[in-house]
Structure formats: C-alpha cells, structure tokens
Amino acid sequence: MTAPELIRLTRRDVGITQAELARRTGTQQAAIARLERHGTNPRLATVQATLQALGHRLELAAVPAPADLDRQQLLAHLRLSPAERADVHDRSYVNTRESLVFARRVT
C-alpha cells in the first residue's frame, strides 16, 4: 500500500473529510488532496503527522521479501527421487549446451 492510499483509507475509516483533516493538520484542503493523490511520495514525517491527526500511528516493519519462484514447480521437483532429480539436471544441461551451440551458429 502506498502512502497516499494509507492516508486516504485511514481518513475515510475515521469518517472525516479532507477539509476536516486539513483543519486538524493546520493546512489547506488542497494540500490534503495532493497528499492523497496517486503517485505522490510524501516524506515519512508528513505521513506520521497526518496519521497522528487521524488518531493513528505509523508502524514500519522490515520483512523478508518472498522468493521469486514457482512453488508448484518446486514441490513437484522435491517429489522426485534423487536419481530423477539428477536426470532432470543432466537433461537440462544437455539442452542448454545444445542451445548455446545453435546460438553460436546462428549469430
């Protein structure tokens, strides 16, 4: 979720208008509209202050990013016996070598 989305959704959950949020933060309604606009990138301090005016606080966490892999393919591969896995590896190696040889001929 982006900062503008977080601010807009929180404001709506609290049930106040942009004008009321502007009053609470000491700014203009147009500034709140800009803050909530898709594509804006407000400073962290601005997001914190705005959420505080809404009676919320910002919590940040660093979490590991999910690996970019196909879990179904991984599970299928793990169901193979060690000998079957070695065979898959060998065939993949041969295919890769053949592709490289072909590519060298074409270029």
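Do you know which residues across the stretch 71-107 are in contact with a helix residue (DSSP H, G or I) (Cβ under 9 Å, 6 or more places away or on another chain) and surrounded by fewer than 10 Cβ atoms within 10 Å (Cβ to Cβ)?
Leu78
Inside the stretch 1-33, can you point out the residues that are closer than 16 Å to Leu44 by Cα and either charged (D, E, K, R) or more than 27 Å from the chain's Cα centre (by Cα) (or both)?
Glu5, Arg8, Thr25
Checking the condition surrounded by fewer than 17 Cβ atoms within 10 Å (Cβ to Cβ) and at negative phi, which residue from Thr2, Thr25 passes?
Sole residue among the options that is surrounded by fewer than 17 Cβ atoms within 10 Å (Cβ to Cβ) and at negative phi: Thr2.
Here is a yes/no grid of residues against (1) of a type in the set (A, V, I, L, M); (2) in a loop (DSSP other than H, G, I, E, B); (3) in contact with a Ser or Thr (Cβ under 6 Å, 6 or more places away or on another chain); (4) modelled with pLDDT under 95:
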residue	(1), (2), (3), (4)
Arg24	no, no, no, no
Ala33	yes, no, no, no
Ala49	yes, no, no, no
Pro64	no, yes, no, yes
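The values are calculated or read from the model by the stated rules, or taken from the named source; none is laboratory data. Source: prediction; values computed, not measured. Positions of Cβ are generated from backbone atoms using ideal geometry, with glycine treated the same way; all protein chains shown enter the neighbour counts.
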